[in-house]
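**Q** Take a look at the following structure, please.
Since every read-out is calculated from the coordinates, none of them should be taken as a lab result. Because the structure is a prediction, the values reported are computed rather than measured. Virtual Cβ from ideal backbone geometry, glycine too; neighbours counted across all protein chains shown.
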Amino acid sequence: MKPENLSSDRRQKNTNRFLRKLSALKLLIALSLIFALTACASWLPQVEFPWQSEETQPTRTPEPPLTETNALPAETQPLPTQMAPSNELVVWLPAEMDPAAENQAASLLNARLLAFSQAEGITISVRLKSLSGSGGLLDALTAASAAAPQALPDLILLPRRDLETAALKSMVIPLDPLTSIVDDKDWFPYAHEMSLIQGAAYGIPFVGDPLALILKAGVKSSPTADWQVINLPGSLFTFPADDAQALLPLTLYMALGGAVSGNQLRPSLDEEILGDTLTLLAEGQQKGSIRAEVLQWQTFQQSWQGFLEGDANCTAAPVSLLLRRYAQAGTDAEALPGLLETSFTLSSGWVWALGASQAGRQELAVRLAEYLVEPGFLSSWSEAFGKLPARISALESWQNPELRAALMRLSLKAHFLPGNEILTSISPALRSAVLAVLRDNSTPEEAALQAVESLQ
């Protein structure tokens, strides 16, 4: 063998030995590092790595099947991007109806939802939203419908004014093919009106809230206790004159026979009847039964508080303000104001609506809604919560006989509010007219003419 070949072989052997030693050294270093990390695990901080998604983490099954409600404000919560499992119903509720709250109404609702979930073998997930505004029920429904239709709730409790908006924008499902419950004769007339949008059923009525005429205990009234009581001798009447919806003047106007739309269903007001309405309020002011403080109030909550704390003995207010006091007062309820019968009134309310797009989920959501308006449950829950049940038989089962009788008369005479388009047009005109008269800026006739002309 030639010397140059021998030298080459030796160099190759030396290189191989070096590489084997290097590999062994690397292995030894790696093992040492593993041992060190294992030994120091007790003092290493716990680190969440990005590849450890929530889906890979252990999950807890909620008990009872109702999942936890949202703790963050609705506007800060991202919309879910995945459809709920087939064995889960997603229900959106106003925050004031939280089934986890510590009161009798919440306990009744929670037990009702739990009973349904157990009977059907499903989970009910409750999401709480504010009634209105950013992140509220309608706002969240609109956002989900546009950006993530799969995230729409299966069942949602909506104020009737929001149901109209949602139905016209196809964000809720018509009920006609799924149930005939809205044709039941057990609904109060105004409640049946609440379920319909352009003649089609889009909601199952739940509770209502008519405008009521309320007197303090011991106040005498006329045998026919209608809205004329505000001008009787000795009456001191309160209402929010600066109410943006102008609910009281609208009620008085319609009670006198006034229409809110013309032949072409465009918003309109009858000048003569509106003049009579404004005259009724002007006379109350002149007699001292309507005082100047009503001009400061924009909401019924404000005028109601003024009624409770001041010397006024008569007020107009949504009946829920009175009923919540009854529900919370217990044995002291007898000392609270009494309700008067009225010949005509207007009512708002809440309805159950469907957001699910899958037929199977729609049927299940309808069954849940029907379960929640069953007269026995609706009676006990509504009395505890402080809202009028939409079903006649449910109100007949209330425990307070005197209150029950007065509320029955009120509910049978209530009519649902005009549609959103009409209210949006006529409410500002009515509000301006009332303020002009009570501030002595216009006569009732002048204010009525100006209101009518503003709609033309």
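**Q** Within 15 Å, Cβ to Cβ, of residue 371, how many net charges do the neighbouring residues add up to if Lys/Arg are +1 and Asp/Glu are -1?
**A** Neighbour charge sum, excluding residue 371 itself: -3.
**Q** Show the residues, 5+ positions off or on another chain, whose built amide H is closer than 5 Å to the amide H of residue 201.
**A** The list, which skips near neighbours in sequence, is 175, 176.
**Q** Under 5 Å between amide hydrogens, which residues at least 5 positions from residue 345 or on another chain qualify, with H placed 1.01 Å from N in the peptide plane?
**A** 415
**Q** Residue-wise, which Karplus ³J(HN,Hα) couplings in Hz belong to region 205-212, taking 6.51 cos²θ - 1.76 cosθ + 1.60, θ = phi - 60°, and x for glycine or proline?
**A** x, 10, 9, x, 8, x, 6, 10
**Q** Ranked highest first by average number of other Cβ atoms within 10 Å, how do 129-138, 389-398 line up?
**A** Put in order of decreasing packing, that is 389-398, 129-138.
**Q** If you don't mind, another one. Distance in nm between label sites at residue 293 and residue 118, each 7 Å beyond Cα in the beta-carbon direction?
**A** Distance between the two pseudo-spin positions: 5.1 nm.
**Q** Assign one of three labels to region 321-456, namely rounded, prolate or oblate, based on the Cα gyration tensor with a ≥ b ≥ c the square roots of its eigenvalues; rounded applies when a/c is under 1.5, prolate when it is not and a/b is larger than b/c, and oblate otherwise. Don't jump to the answer; show the numbers that get you there.
**A** Working: a/c = 3.08, a/b = 1.41, b/c = 2.19.
Taking the square roots of the gyration eigenvalues as a ≥ b ≥ c, region 321-456 is oblate.
**Q** Once you list every other residue whose beta carbon is under 15 Å from the beta carbon of residue 342, what net charge do they have if Lys and Arg are +1 and Asp and Glu are -1? Can you show the working numbers first?
**A** Values: positive: 409, 413; negative: 209, 226, 341.
Result for the neighbourhood of residue 342: -1.
**Q** Rounded, prolate or oblate: pick one for region 194-335, where a ≥ b ≥ c are the square roots of the eigenvalues of its C-alpha gyration tensor, a/c under 1.5 means rounded, and failing that, prolate if a/b is larger than b/c, else oblate. Provide the component values of the computation, followed by the final result.
**A** Numbers: a/c = 2.02, a/b = 1.19, b/c = 1.70.
Taking the square roots of the gyration eigenvalues as a ≥ b ≥ c, region 194-335 is oblate.
**Q** Which FRET efficiency value, to the nearest 0.05, do you get for residue 286 and residue 325 by plugging their Cβ-Cβ distance into 1/(1 + (r/R0)^6) with R0 = 25 Å?
**A** Values: r = 32 Å, r/R0 = 1.28.
Efficiency, rounded to the nearest 0.05: 0.20.
**Q** Let me ask another. Can you pick out the pairs among 185/413; 185/387; 129/413 whose Cα atoms lie more than 24 Å from each other? Numbers along the way, then the final one.
**A** Working: 185/413 16 Å; 185/387 20 Å; 129/413 32 Å.
Over 24 Å apart, Cα to Cα: 129/413.
**Q** Suppose the chain between residue 168 and residue 415 were pulled fully straight at 0.36 nm per residue; how much longer would it get relative to their current alpha carbon spacing? Present the calculation step by step, with values, prior to reporting the outcome.
**A** Details: separation 247, 0.36 × 247 = 88.92 nm, distance 2.17 nm.
The residue 168-residue 415 span can extend by a further 86.8 nm.
**Q** Quick one: Karplus J couplings for region 369-381, per residue in order, coefficients 6.51, -1.76, 1.60, θ = phi - 60°, nearest Hz, x for Gly and Pro?
**A** With coefficients 6.51, -1.76 and 1.60, one gets 4, 5, 5, 7, 9, 4, x, x, 5, 4, 4, 5, 5 Hz.
**Q** Can I ask one more? Figure the gain on full extension for residue 259 and residue 276 (residue separation times 0.36 nm, minus the Cα-Cα span) and round it to one decimal in nm. Kindly include the intermediate steps, with their values, before the conclusion.
**A** Details: separation 17, 0.36 × 17 = 6.12 nm, distance 1.35 nm.
Net length gain for the segment: 4.8 nm.
**Q** Right, here's the next one. Using modelled backbone amide H atoms (1.01 Å from N, in-plane), which distant-in-sequence or interchain residues come within less than 5 Å of residue 88's amide H?
**A** So residue 88 has HN proximity to 123.
**Q** From the phi angles alone, apply the Karplus equation (6.51, -1.76, 1.60; θ = phi - 60°) to region 108-118 and give each ³J(HN,Hα) in whole Hz, x where the residue is Gly or Pro.
**A** Computed from phi, the couplings for region 108-118 are 5, 5, 4, 5, 5, 5, 5, 4, 5, 4, 6 Hz.
**Q** Using a cut-off of 14 Å between beta-carbons, work out the net charge of the residues near residue 412 (Lys and Arg +1, Asp and Glu -1, residue 412 not included). Don't jump to the answer; show the numbers that get you there.
**A** Numbers: positive: 185, 391, 404, 409, 413; negative: 186, 193, 341, 396.
My count for the surroundings of residue 412 gives +1.
**Q** Another question, then. With r defined as the distance between the Cβ atoms of residue 217 and residue 150 and R0 fixed at 41 Å, what FRET efficiency is calculated, to the nearest 0.05? Please report the intermediate quantities before stating the final value.
**A** Working: r = 54 Å, r/R0 = 1.32.
So the FRET efficiency works out to roughly 0.15.
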